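Asks: Got a structure for you, written out below as structure tokens; questions coming shortly.
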There are 2 protein chains.
Amino acid sequence: MAVMASSPHRAVVEHLVRQAVYQRLGKPMPRAAAAPNPLVVNVSARHCHLTQAAVEALFGKGHQLTVHKWLYQEGQFAAKETVTLVGPRSRVISNLRILGPCRTLNQVELAYTDGIALGYDLPLRASGNIKGTIGGMLMGPGGFFEMPDGIIRALRHVHMHPTDADYYGVKAGDQMKLKIGGPCAIALEAMLVRVDPSFKLEVHIDTDEGNACNLQPDTPVELVK
Amino acid sequence: MAVMASSPHRAVVEHLVRQAVYQRLGKPMPRAAAAPNPLVVNVSARHCHLTQAAVEALFGKGHQLTVHKWLYQEGQFAAKETVTLVGPRSRVISNLRILGPCRTLNQVELAYTDGIALGYDLPLRASGNIKGTIGGMLMGPGGFFEMPDGIIRALRHVHMHPTDADYYGVKAGDQMKLKIGGPCAIALEAMLVRVDPSFKLEVHIDTDEGNACNLQPDTPVELVK
């Protein structure tokens, strides 16, 4: 089966339409329409990032991850490959999705609800900062791979291009707030800002956060300093 | 085994200590200490409320719920009895705790994460407002009980005494905001106010909300209008 390009995110379409309509009407842009880029908020279900060596231990020598679905960040994808995680108390999470491409470090990102199911207290960490965290065992069809550490709850964060950072008046490492509307509205504080010229504006929250507010494609969202 | 009285909630002890310390120092009370009652925030894991008829169908004729643990609201308890819920797609949640005493209506309260596991979209409802909601089948050691409706995600809410309502300047049916601090702080909007002379001041949130902010006994909380 050929890998299909994902259809554009609803927030992207809405942003384009909003800008076009205000331009056509010759009216001043409201703040949301004036932003250089649409605000996309995506819920990351539990997943892992692996090194090529880990992928080969789990799926066989020379194995390359295959694309299941392209993600919003350029070049990032959910792989067809999944693994089974065995936690420190021998409890299991199966069908843990691998995100590609391979990285230089092995990291499993879970929600607290998953941590409770596994029976341990997840450390809250910025992605990549895994020193002193708990490890576990991964199982794939080709073998096992032991992680000495790297199981975390990822700190909620927003990816942005330097243009977005300028617009919002923030810099890498700052914290912002994400307001999510709807009938069970919440505001997520301590949203870590990550800036890189390769990034598209996108907030990543986990399933606990997404389910707390029942985030849907049409739920209103606002990123504030 | 005798049923033990629960030890007082940390928020209750802190409130008493705070009031005593300020009084002793002869200093004016800060707002949190001046409140008539401590603010207790509890996470409700998935559970159900049942009629006596449902309990008898599930556990046998004449069966009475037994107390596993007293809850913060006077006379309310987690029962020793649990049931298995079979959802509309035949998926199962086992060990669903019954809360007692029996009520005049059958209601299952789940988090959205549970709804996803069961494979259906939970309606968000104030407790008791179950008209038009989905039903399911309950299984107990003594038999089955069919619920034609009553499976919901309960709207986050705060129980309060009229004294608390006066202090916060709200009335039954109003909405408040709960600010929860810590490293993954959130603010929960649309917190339904429920007022009754029998109520103690207590916020009930579900496991998605509690895990989104990793609520711990020492996490700072504040209820605002």
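The values are calculated or read from the model by the stated rules, or taken from the named source; none is laboratory data. Nothing here was measured: the structure is a model prediction, and the numbers come from that model. Note: ideal-geometry Cβ built from the backbone for every residue, glycine included; neighbour counts use all protein chains shown. The accessibility values were calculated without ligands, DNA or RNA, using every heavy atom of the protein model including side chains. Shrake-Rupley method; radii C 1.70, N 1.55, O 1.52, S 1.80 Å.
Asks: Looking at residue A:153 and the list (1) over 17 Å from the mean Cα position of the chain (by Cα); (2) basic (Lys, Arg); (3) open to solvent by less than 30 Å² (accessible area, probe 1.4 Å), which single condition is not satisfied?
Replies: Result: residue A:153 passes all but (1).
Asks: Of the numbered conditions (1) open to solvent by less than 30 Å² (accessible area, probe 1.4 Å); (2) within 14 Å of chain B (Cβ to nearest Cβ), residue A:45 fails exactly one; give the number of that condition.
Replies: (1)
Asks: Those residues that are surrounded by fewer than 16 Cβ atoms within 10 Å (Cβ to Cβ) and charged (D, E, K, R), I need them from the stretch A:56-68; list them, please.
Replies: A:61
Asks: Now a separate question. Just to be sure I understand, how many residues within the stretch A:178-225 are within 7 Å of chain B (Cβ to nearest Cβ) and open to solvent by less than 10 Å² (accessible area, probe 1.4 Å)?
Replies: Selection size over the stretch A:178-225: 7.
Asks: Sticking with this structure for a sec: Quick one: which of B:98, B:152 is under 27 Å from residue A:117 (Cβ atoms), touching a residue at least 12 places away in the same chain (Cβ under 8 Å) and in contact with a Cys (Cβ under 6 Å, 6 or more places away or on another chain)?
Replies: B:98
Asks: Let me ask something else. Can you report the number of residues in the stretch A:191-216 which are under 15 Å from residue A:166 (Cα atoms), in a loop (DSSP other than H, G, I, E, B) and hydrophobic (A, V, I, L, M, F, W, C)?
Replies: So the count comes out to 2.
Asks: Scan the stretch A:29-55 for residues that are over 17 Å from residue A:144 (Cα atoms), within 18 Å of the chain's Cα centre (by Cα) and among the aliphatic types (A, V, I, L, M) and jot them down.
Replies: Within the stretch A:29-55, A:39, A:40, A:41, A:43, A:45 qualify.
Asks: Let me ask something additional. Can you confirm whether residue A:53 is out of contact with any Gly (no Cβ under 8 Å at 6 or more places or on another chain), open to solvent by 50 Å² or more (accessible area, probe 1.4 Å) and assigned to a helix (DSSP H, G or I)? Please lay out each step first, then the result.
Replies: On the way: out of contact with any Gly (no Cβ under 8 Å at 6 or more places or on another chain): yes; open to solvent by 50 Å² or more (accessible area, probe 1.4 Å): yes; assigned to a helix (DSSP H, G or I): yes.
Considered against the rule, which asks whether it is out of contact with any Gly (no Cβ under 8 Å at 6 or more places or on another chain), open to solvent by 50 Å² or more (accessible area, probe 1.4 Å) and assigned to a helix (DSSP H, G or I), residue A:53 comes out as yes.
Asks: Go through (1) touching a helix residue (DSSP H, G or I) at 6+ places or on another chain (Cβ under 8 Å); (2) in a loop (DSSP other than H, G, I, E, B); (3) modelled with pLDDT of 95 or more and name the single condition residue B:41 misses.
Replies: Every condition holds for residue B:41 apart from (2).
Asks: Evaluate the stretch A:13-36: report whether one residue or more is within 23 Å of residue A:214 (Cα to Cα), open to solvent by 30 Å² or more (accessible area, probe 1.4 Å) and in contact (Cβ under 8 Å) with a residue 24 or more places away in the chain.
Replies: yes
Asks: I need the full set of residues from the stretch A:154-175 which are among the aliphatic types (A, V, I, L, M) and farther than 23 Å from residue A:122 by Cα, in order please.
Replies: Matches in the stretch A:154-175: A:160, A:165, A:170, A:172.
Asks: In the stretch A:113-144, how many are crowded, with 21+ Cβ neighbours inside 10 Å and more than 14 Å from chain B (Cβ to nearest Cβ)?
Replies: 4
Asks: Identify the residue in the stretch B:202-213 that is touching a strand residue (DSSP E or B) at 6+ places or on another chain (Cβ under 7 Å) and not acidic (Asp, Glu) and, among all such residues, is nearest to residue B:110 (Cα to Cα).
Replies: As a first pass, look at the stretch B:202-213 and keep what is touching a strand residue (DSSP E or B) at 6+ places or on another chain (Cβ under 7 Å): B:202-207, B:209-210, B:212-213.
Filter again for not acidic (Asp, Glu), leaving B:203-205, B:207, B:210, B:212-213.
Details: B:203: 16, B:204: 13, B:205: 11, B:207: 9, B:210: 13, B:212: 16, B:213: 18 Å.
Within the stretch B:202-213, the match that is nearest to residue B:110 (Cα to Cα) is B:207.
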